[in-house]
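Participant: Please read through the structure below; I'll follow up with questions.
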């Protein structure tokens, strides 16, 4: 499978359009202003004529400038960005490029932290220095801008730094390790862009994990960085979540280029570990705030409001990146299912309805590159990965031009109409994704039903001679589905999370006034009803669910009491309103995130549910005699 | 209420007797040997003629020597310790005392860490140095040994160090703070022992929290140490669990001595915060391994095996210490309920059946001082706090001699026989504790039933003229009670923990072979049956409970799936065997702690429980047409 470029896709008036628009028009300028305000761009200027400026920001702050450029480059490539915005973005990128190039040393090295008093520390503490990470983002920014515009200036600068590393480190030279494994992805992208095998070879060296002894790596470093031992010896995800997922995404690229089978075996193990034991239902990852790290198997404590959980959201975007690579590699729709879950929920929650990003510029680059995720080609086939009002102007891999247009209100409903426009009648296969969450998939071509030769969670192949104007209709049922977690997830047992289509829902306090959402229960024999609310949170479908509220707040209940007493707890009927998880956190209360809950406890409305239970005991005691 | 001394109590052949015996005979010698082996005692010797020895152990390792002496002193005071053991212990303490005194500086200061190169750091970083904490344990050890033997040598040495602090720090002198607030308890005990008000005054200064500015304390320090701001401004427990509980125990002592009402108001708030929101059902405290700290309200992730959770067990012993003080202060039995919960479960789990302590010497001193917890006096009354085969030889507060003997198999059953032996017939009140877990309490005197003028969770007053040989009988029913947690505890919802009498139970893998305990469910309409097993784990009562096991391990189930699918999960009937929580962790498997679980998920055996539920949706879809 081969992704199509961002430039080939026009987004219509669909779900992602306003989300992307707000990123382009609000987030990108706001983030650049913040980078200027906090002196992050000045860090480069102080190396090129303004030595009086102080070094500001974190050790890895250079990467934020590069990531912003990458996001802006994707915006430049996009058909949805207005000409005036493009002009502005191009000017900003050119200006930043000038600043960056002026700061770069003749030998290629560039990092604004390891200068002056810290010059002697340069590339000496690779586990913690983030120099590798900053270089990776430098390369990615250069490639994105080159792909968007054909301009190689920034790309060539990144190559100079990469070549400096390759000249000085590696087998027979000084030892290297990625303390934040993003360089692997970047080097393979550089290999693809330049066709120079040395970048692929260096990536093989990085994944070989042979420098443990030379670098005296500690076990805790090897765990935290997800680096430093052979990638193919890994059997589970651990350590820093973003690092583990970036390493896995890069290893997928490496396998795609080399086909070395041990990598695929490891990737399959790690992917199962993630999706069967360590991923939130929203697709976010990293259950421990301490160290922003993966937890143990099934350790998934309640998700925090997005404003408090930036690392988990960045990890969710890494999850999207990895699964897109696995999808492209295999054509297996289960990766699209995970990608969709992470994208529509956790990642989507990271940008507010007004465009205030929680995690700039990480999410901005994902939102801006989103058109490139919708379609893919493979030999003479075309894949539809995600459903979104859009138009594709591209070609099959044999070069024959092909347009496709999708008309859909997805994810608000599951009806999709696709018009196929080959330049002339041609035989090929259109692969329609049947999401794993959909119990059935009604497909028809020109009104004639098709029996899908596929099962849920796979692509439906529609093979025929396509004529211009042929219309595919797809209908995916979207009942509200109360989801349960594996009982081994202690935090979620006895609870449900509402899902409808790809969207996970949540209770948030503002929609449920008068009672704390922590005092609410879901009635299991209930029929949740969706309700369209164009006025709310940018236009959403809410869910109305009949529930129960504890008559007396649970705050006033003992911490522990006999089950029989707890089951007799008086409750009253209430209506619960769920909103899509991605819209949670847009209505702070008194400056605090409003309370929210994804997993709501179940209670049964039937009498048997609350009848006290009888228990026997070893002591054959009688009732107290009540004798005076 | 006034506690009785350890010396006044003889333990008979009851529950705690073998537990204490193993501590005296195995743990104490093993811990002293470990202190020698790891160079912790040598740290003192290097200051008195053996400068060639290296400084070893943690910054606070001196405290371990002092705590060992305190534990050994309680063992010396105990009627259960054999004469030969006493002789050995006395020799060990005297030898350690010689070593300690030889290391103490003429001015009184003594800390084996802050010498030599670190001398200039002495008492400069009170937040982290633990000098205050080591001093506190120094004082406590001296007092315990003095009370056990009348020997003042170690006590006087502790006083010299305390006086050094008082002479140099405080209002108008250098600022002081307790970075690990144990010194408050120690100074009040010193005030009680010496009747010198200056120790009480310095404690008032410590709790006043006025040195924030002079010491430039950070908010995070003030939170973590539970020190550094006025104690009476606290409204919740936070930070390091043991520090927060020690500070609260000391503040209870302070209120007992001064009656300053703001302290009682704060203590009530903190106690409610602990028992309503932050305490495990086993009485352990400190739900975050990171920083050994308190979690947020209702943040109580699954308890770890005791070998992995030493800080939580030490916090449980601090919980016992605080609640004993609150009980003594108020005579309110609810504090005895919490004390009993923490003592029989979490604290008790800290010493293995063979006497291998998880957390020496913290638990050793609690076990050794345990006889002092059973009884208390108040004016002309006598309180029975805990039920245990034992004999009290003491006197009422008017000086009239009184013996009491308890005969009981508590906590294995709830029948207690108490023989009252006043020197001559006398009118006074015997207060019998009616534990909060007991639904009823049948009391009789000389066979004649008494209608208890009390409710559960309080003391039953038995007021009369007592004749020598009068017999009180008490019967507390002990059915097995499935307990539920407040639904706000996300980790415990939909689960039960078994409790019988004061004992909390757990599933441990070795008793439930053939199926992973994480694949087991509790059937709510079941009747748990106790079964006496004298052969198992030192002699226990196990619980046999009918349950269900997932036919296919949950490991092979998806992480998330529709509730209706999860509810249709095939299960088979199994018998579950629960053991007392305190005996968990005695049967490692392949060097690893055996898997265990306190909170077991509930499932309903009735058909309605597993019938798939019907859910409607917004999409009015029909079944797939299945047209070719």
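Participant: Output the number of residues of region B:95-121 satisfying the condition of being surrounded by fewer than 16 Cβ atoms within 10 Å (Cβ to Cβ) and either part of a helix (DSSP H, G or I) or touching a residue at least 12 places away in the same chain (Cβ under 8 Å) (or both).
Facilitator: Result for region B:95-121: 10.
Participant: Just one of (1) in contact with a helix residue (DSSP H, G or I) (Cβ under 8 Å, 6 or more places away or on another chain); (2) surrounded by fewer than 15 Cβ atoms within 10 Å (Cβ to Cβ) trips up residue B:70, so point out which.
Facilitator: Tallying (1) in contact with a helix residue (DSSP H, G or I) (Cβ under 8 Å, 6 or more places away or on another chain); (2) surrounded by fewer than 15 Cβ atoms within 10 Å (Cβ to Cβ), residue B:70 fails exactly one: (2).
Participant: Looking only at region A:74-87, decide whether some residue is in contact with a strand residue (DSSP E or B) (Cβ under 7 Å, 6 or more places away or on another chain) and more than 20 Å from residue A:357 (Cβ to Cβ).
Facilitator: yes
Participant: While we're here: Quick one: in region B:468-483, of everything that is assigned to a strand (DSSP E or B) and facing chain A (nearest Cβ under 8 Å), which residue is surrounded by the fewest Cβ atoms within 10 Å (Cβ to Cβ)? If you could, list the steps in order and put the result at the bottom.
Facilitator: First, pick out the residues of region B:468-483 that are assigned to a strand (DSSP E or B): B:470-475, B:479-483.
The next check asks that each one be facing chain A (nearest Cβ under 8 Å); those that pass are B:475, B:479-483.
Numbers: B:475: 20, B:479: 22, B:480: 23, B:481: 22, B:482: 23, B:483: 24.
Filtering first and then ranking leaves B:475.
Results for (1) in the same structural domain as residue A:253 (by TED's automatic domain parsing); (2) closer than 18 Å to residue A:246 by Cβ; (3) buried (at least 22 other Cβ atoms within 10 Å of the Cβ), shown as yes or no for each residue.
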position: A:297; (1), (2), (3): yes, no, no
position: A:311; (1), (2), (3): yes, yes, no
position: A:317; (1), (2), (3): yes, yes, yes
position: A:332; (1), (2), (3): yes, no, no
position: A:343; (1), (2), (3): yes, yes, yes
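Participant: List pairs: first residue in region B:512-536 and assigned by TED's automatic domain parsing to the domain that holds residue B:495 and in contact (Cβ under 8 Å) with a residue 40 or more places away in the chain, second residue surrounded by 14 or more Cβ atoms within 10 Å (Cβ to Cβ) and part of a helix (DSSP H, G or I) anywhere in the structure, Cβ distance under 7 angstrom, at least six positions apart or on different chains.
Facilitator: Between residues of region B:512-536 that are assigned by TED's automatic domain parsing to the domain that holds residue B:495 and in contact (Cβ under 8 Å) with a residue 40 or more places away in the chain and residues that are surrounded by 14 or more Cβ atoms within 10 Å (Cβ to Cβ) and part of a helix (DSSP H, G or I), the close pairs are B:517/B:509; B:518/B:554.
Participant: From the list B:275, B:266, which one is in a helix (DSSP H, G or I) and within 14 Å of chain A (Cβ to nearest Cβ)?
Facilitator: Going through B:275, B:266 in turn, just one is in a helix (DSSP H, G or I) and within 14 Å of chain A (Cβ to nearest Cβ): B:275.
Participant: Looking only at region A:446-467, which residues are surrounded by fewer than 14 Cβ atoms within 10 Å (Cβ to Cβ), in contact with a strand residue (DSSP E or B) (Cβ under 7 Å, 6 or more places away or on another chain) and not in a strand (DSSP E or B)?
Facilitator: Selection gives A:446, A:453.
Participant: Next question. Of (1) in contact (Cβ under 8 Å) with a residue 24 or more places away in the chain; (2) within 14 Å of chain B (Cβ to nearest Cβ); (3) touching a strand residue (DSSP E or B) at 6+ places or on another chain (Cβ under 6 Å); (4) surrounded by 19 or more Cβ atoms within 10 Å (Cβ to Cβ), residue A:489 satisfies all except one. Which?
Facilitator: (3)
Participant: Next up: Mind checking which residues of region A:411-430 are in contact (Cβ under 8 Å) with a residue 60 or more places away in the chain and buried (at least 22 other Cβ atoms within 10 Å of the Cβ)?
Facilitator: Listed by number, the residues that qualify are A:411, A:414, A:416.
Participant: If you check residue A:578 against the conditions, is it buried (at least 18 other Cβ atoms within 10 Å of the Cβ) and at pLDDT below 95?
Facilitator: no
Participant: Report whether or not residue B:427 is closer than 30 Å to residue B:523 by Cβ and either away from chain A (no Cβ under 12 Å) or in contact with a helix residue (DSSP H, G or I) (Cβ under 7 Å, 6 or more places away or on another chain) (or both).
Facilitator: no
Conditions (1) surrounded by fewer than 16 Cβ atoms within 10 Å (Cβ to Cβ); (2) in a helix (DSSP H, G or I); (3) more than 30 Å from the chain's Cα centre (by Cα), marked per residue:
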{"site": "B:27", "(1), (2), (3)": "no, yes, no"}
{"site": "B:32", "(1), (2), (3)": "no, yes, no"}
{"site": "B:36", "(1), (2), (3)": "yes, yes, no"}
{"site": "B:39", "(1), (2), (3)": "no, no, no"}
{"site": "B:43", "(1), (2), (3)": "no, yes, no"}
{"site": "B:48", "(1), (2), (3)": "yes, no, yes"}
{"site": "B:51", "(1), (2), (3)": "yes, no, yes"}
{"site": "B:56", "(1), (2), (3)": "yes, no, no"}
{"site": "B:63", "(1), (2), (3)": "no, yes, no"}
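Participant: Another question about this same structure. Among residues belonging to region B:500-529 that are modelled with pLDDT of 95 or more and part of a strand (DSSP E or B), point out the one that is nearest to the other protein chains (Cβ to nearest Cβ).
Facilitator: B:500
Participant: So, residue B:373, is that one under 21 Å from residue B:468 (Cα atoms) and buried (at least 22 other Cβ atoms within 10 Å of the Cβ) or not?
Facilitator: no
Participant: Restricting attention to region B:540-589, which residues are within 12 Å of chain A (Cβ to nearest Cβ), farther than 30 Å from residue B:413 by Cβ and assigned to a strand (DSSP E or B)?
Facilitator: Of everything in region B:540-589, those that are within 12 Å of chain A (Cβ to nearest Cβ), farther than 30 Å from residue B:413 by Cβ and assigned to a strand (DSSP E or B) turn out to be B:549, B:550, B:560, B:561, B:562, B:571.
Participant: With respect to residue A:21, determine if the residue is at pLDDT 95 or above, under 22 Å from the mean Cα position of the chain (by Cα), in the same structural domain as residue A:180 (by TED's automatic domain parsing) and under 30 Å from residue A:331 (Cα atoms).
Facilitator: no
Participant: Restricting attention to region B:286-295, and to residues there that are more than 12 Å from chain A (Cβ to nearest Cβ) and buried (at least 22 other Cβ atoms within 10 Å of the Cβ), which single residue is modelled with the lowest pLDDT?
Facilitator: Selected residue: B:286.
Participant: For region B:81-93, how many residues are closer than 17 Å to residue B:147 by Cα and exposed (fewer than 15 other Cβ atoms within 10 Å of the Cβ)?
Facilitator: Qualifying residue count, region B:81-93: 2.
The values are calculated or read from the model by the stated rules, or taken from the named source; none is laboratory data. Remember, predicted model here, so these are calculated numbers, not experimental data. Here the Cβ is made from the backbone with ideal geometry for all residues, glycine too, and neighbour counts use every protein chain on show.
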